[in-house]
Amino acid sequence: MSRHKAVYGKGFKSSEPVSKKILGELQPAIAAATAPRESEYSRNSAAAAFGSAPRHREVEFVEVDKRNLFKMGITDTQWSRQWGMRRSGFDNAWSRLDAYSFEPDPVTVAVLDTGVQLDHEDLQGRLWQNPGEIPGNGIDDDGNGFIDDVHGWDFADGDADPSDDDGHGTHCAGVIGAAKNGRGVVGAFGGSSSVRIMALRFLSSEGGRTSDAILALNYAVSMGAVISSNSWGGASHSLALESAVQSAKEGNDFVPTFPCNYEAALCVAATTSTEELADYSNYGVNSVEIAAPGTDIMSTYIGNSYASLSGTSMATPHVAGAAALVWSWMGQRFVSDAAGDLRAIILESAQRPSFLNGWVSHGMLDVNGMVLKAESRNWLRLLQPPNGSVDATGTIASVLLDALGEVNTSLEIGHEFLAVGTYEAHILISGSDHEDEDEAVVPVQLTILGSPYLPAGIFQGMLDFGVVPLGGEGRRTIRLWNYGNGTARVKLNPLASPFAGPLVEVSVEPHESMDLIVTCRPTRTGQFAGNASFGTNSGLPAVEASLADATEKGEQFSMAMSCKGSEAPHLELDSFSGAVLLQADGLPFHFTPCVPAQWEANFLDAQSPDTNVTAPLAVVESSNLEGCLPHQTTVAGHIVLVSRGGCTFQEKITLIQDAGGLGGLYYDTEGTTTLRMMGTADVNNAPTLPAFMVSRSQGLALRDRVLSGEVLMISLIRRPIVLHTHLPGEGSPRAYGQLGMQNLGGGLLHWSTEIDMLTFEEHSFYSVVYPGAANSTAGPDVAPLPPAPVPSWTESSMLTEDAYFRNKDQQLSRVLEAQLSGCHQANADVWQDVQMSSNGLIAMAPDSSTFRKGSDYWGHLPSEALPNGLLAAYWNDLRCSASHGCRLMTGGHRFAQNEAGSCGNSNATIIQYKDFVHRYDMSAVVSVEARLYADGCMELQYDRVPGQEHRSAAKIGIETRSGQLDLQKAPHAEGIRSDACFYQIIFCWNLLQSSPQSLR
């Protein structure tokens, strides 16, 4: 006699990274084997409790014992006020779950809060009870270190009574577990009594300790809580608490709450009944993932009462309750693990209302969607085979076969809530003796295709290019929006000259957009007309839309085109800096925008006739589009085209120079170019080649032309107007410049001018004065510099040591209170947040909310990478070694009045780095004092600096808050000596400037 039953397989969705783990344990089987003629029913099969029973004459019928509770609707008296439950879809989820033919499993939810009223009428039968503890005997029966912890523990007072004296915790517990009993409110579990609320009190009216929160969270994990609800938080970061949260996650403890910046936690935002983000809510697409109702939430309250409260504290238990509900019903059948797949189900099923755009990363809690999403994990289901049985989820089947018999059974594949993608699973078949030779594996793959949809409105109207000069190019953009759930494909049929468009088919992913660009390049004057026809796969069923010829069978669209060619105007300037495309059959084309490089000022000679480079344009291989890897020797003698990103601008031009290139032409990666200057990352090794950056569309067009075999000649021209001006005070002479221009083309030229000064935060920038700097008048158009500062050093007795930096190498991590004026006109901007590091680096921002810490601590000035708004007093890899007498001192002082009209005439905040050493070279010792004046000036006094051979990597200078501009002084430059004091003032141009500079 032999019995045959199934064992389980595993399935996963292979199209998305989040689904590369096992999504569920599919337990399917197909039986097609032989068995003895006589056999009894396999009682150890999982289906024994549901579909079949032993055959006895006394049994007249077998019937499934279905759940039939609470079918009369919700009669709890406060249900009409529970808008949050209805908005989250709990009622629809209950209806769907009640139709299941199996019971939910018990699930424990730990509520870490102010405690819970244990005798509340609406929480009876919903409290967790420690099965290993005998109430009231004064003995630690289960040996967990807590005596009589029957329903939880009070970590605030250190006793076994976690009763609530505040109401907050009872309110949160009611949102999760209030009974559906005709009284009061209904919690997340509705009519199911499978929830167990574990009361863990660590908060009191005075708040709670981080250590108690950690103990409570560890207790929850050790005592079997699957979910924990944490409606609390604080401003300070705790590594110990973060570790406890992570341990809880790894222990299947799901944490849907603040601390939002802990990776293992799920952060919740609060919404109102009017479909708005609550004004008190958490927000931020980088940290807040899900939103739930949080305003006017009715729930249980102390005193056996009910109350309506508002807060993210009320939103959190909605999410915790939803997670527990789904885990209770589906965790052992559909969901692979609480902390991983359950989290994914919450986020993947979220609704996406528009009012949460930009505030929350995923959307609004949808509990019914969670149930459907969890069901979809079990997309492969076995139907009941002849003479056999199948469990309620369709994942385990058993069948009895006669000897040499066979049976066919069916599968149900797919689910209405499955997303587009490819899914894989396998079915394991084995006999009841589980012998390896009896096992068989049947692989199953399911691919779900979507249908694309391109609205006809995309192709309405005319592509009117207007008047386009000969040699020029008119461009019109068609934005293709795919509102379907399958990949859309669009093919523009070939266009007659002078019109042109992409020659290849373009694809648009679901709910994404792509720009298709059509151009007009007239070769003669006159009117041109044409028609652009588009073949698409829009409107086709999913399978047909994926075929190779789908763009010929889907919806077809057309757009009329019009373009008028004219004689080209051409503006030529006698002083010009930028990139130019030379054209053999026409006038040169000047690129706009065209961003210059800061390092060109180091070798620019405005009077030299050889201030431009002309060479053919070369493109790099596809594996090095950003130009951050060494180039092939084929770029020698060329101007090299690379994209922005991947490395610094300076690194790109250095690699071009190393390969024998003559210059760099970069193209932006952003749709709109806003950068005004490409910065020098390392002034000690400034490049000697020119470089400019053009727009993304211009760069891609150049790349396409070169790849098609066209030879393009590019000129990089550097002939600026140089104005010698420093601090023109009232009555001082202005600086003037002249710009000659002419129209060399055949068309009418319209022109305008705009003075784009390189300024600090759109107003002004800094200059620097130090001993030895030229500060005398060099002519009527050159204003004198202010006098250099005198050496001085603030005595330690006037300052206070910040012991935080002792024996540490810390990044920006300490806040110094100060009130400083930024370098703005009328000193309108005030900096109140000053961050210090041990590396001789100081960052300034208007307040703590605008400071961004970032990760750029490698000594690059300027760099758009955070942090920005930097003052590099002496930026190097320094540390404060107590054995060298190191101290970081801070304080404030008002120094003697400086010369009238100069800067530094105000109180100063002082940051003094005394005897800091290089991390890897203890002989390199630095002592520098930074004085941050309230009027915006900054003074640096150096008492001790390393020798020149030890300071090549150091930076001294200042960076704008945008990170786009800087002013640096090379550490080996004139005036910095290791055997004498050095001092300098960095001052605002606008402090003595009566009006902005103008060009006439």
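For the reader, a short list of remarks on this structure follows.
- Total formal charge among the other residues, if their Cβ is under 9 angstrom from that of T525, Lys/Arg +1 and Asp/Glu -1: +1
- Normalised contact order of region 99-211, rounded percent, pairs of Cα under 8 Å and 6 or more residues apart: 38 percent
- Other-chain or far-sequence residues with amide H under 5 Å of V360's (modelled H): G284
- By accessible area with a 1.4 Å probe, ligands and nucleic acids excluded, highest first: order of M561, M223: M223, M561
- Simple label model, 7 Å out from Cα along Cβ direction - D464 to I134, nm: 9.3 nm
- For the set S305, S95, the ranking by accessible area, highest first and with no ligand, DNA or RNA atoms included, is S95, S305 under a 1.4 Å probe.
- Applying 0.36 nm per residue to the separation of A529 and S797 and subtracting their alpha-carbon distance, the gain on full extension is 88.2 nm.
- Geometric descriptor of region 371-481, per residue, is 206 Å³ (volume of the convex hull of the Cα atoms).
- For region 120-221, accessible area per residue (1.4 Å probe, heavy atoms of protein chains only), Å²: 36 Å²
- Estimated distance in nm for a label pair at S205 and T592, the labels positioned 7 Å out from Cα along Cα-to-Cβ: 7.0 nm
- Solvent accessible area, Å² - R524, 1.4 Å probe, full protein context: 120 Å²
- Accessible area of region 93-161 belonging to carbon and sulfur atoms, whole % at 1.4 Å probe: 51 percent
- Projected label points at S95 and T672, each 7 Å from Cα along the beta carbon direction, are separated by 4.7 nanometres.
- Surface share of carbon and sulfur [accessible, 1.4 angstrom probe, percent] for region 291-376: 45 percent
- Multiplying the residue separation of Q124 and E275 by 0.36 nm and subtracting their alpha-carbon distance yields 51.0 nm.
- Rounded to the nearest Hz, the phi-derived 3J(HN,Hα) couplings of region 491-496 under the Karplus curve 6.51 cos²θ - 1.76 cosθ + 1.60 (θ = phi - 60°) are 10, 8, 5, x, 9, 7, where x marks glycine and proline.
- Summing charges over all other residues whose Cβ lies under 12 Å from the Cβ of V367, with Lys and Arg as +1 and Asp and Glu as -1, gives +2.
- The phi-based Karplus calculation (6.51 cos²θ - 1.76 cosθ + 1.60; θ = phi - 60°) puts the 3J(HN,Hα) values of region 909-914 at 8, 10, 10, 10, 8, 10 Hz, whole numbers, x for Gly and Pro.
- Coupling constants for region 221-226 follow from the phi torsions by the Karplus curve (6.51 cos²θ - 1.76 cosθ + 1.60, θ = phi - 60°), and in residue order they are 5, 5, 9, x, 5, 8 Hz; glycine and proline get x.
- Rounded accessible area of V613 (nearest 10 Å², 1.4 Å probe): 30 Å²
- Sites A636 and W83, calculated FRET efficiency, Cβ-Cβ separation with R0 51 Å, nearest 0.05: 0.10
- The stretch between L503 and A615, if pulled fully straight at 0.36 nm per residue, gains 37.5 nm over its current Cα-Cα span.
- Here region 532-591 has 55 percent of its accessible surface on carbon and sulfur atoms, given a 1.4 Å probe and all protein chains in place.
- 5 angstrom amide H check on L662, placed H, neighbours 5+ away: G637, H638, I639, V640
- Once the 1.4 Å probe is applied to the protein heavy atoms, region 391-468 comes out at 51 Å² accessible per residue.
- The listed residues I517, I396, I345, once ranked by accessible area (1.4 Å probe) with the largest placed first, stand as I517, I396, I345.
- Across region 507-599, the fraction of Cα-Cα pairs farther apart than 24 Å, rounded to a whole number, is 53%.
The values are calculated or read from the model by the stated rules, or taken from the named source; none is laboratory data. Values in this document were obtained by computation on a predicted structure and should not be read as measured data. Positions of Cβ are backbone-derived with ideal geometry, glycine not excepted, and every protein chain shown enters the neighbour counts. Calculation scope for accessible area: heavy atoms of the full protein, side chains included, ligands and nucleic acids excluded. Shrake-Rupley method; radii C 1.70, N 1.55, O 1.52, S 1.80 Å.
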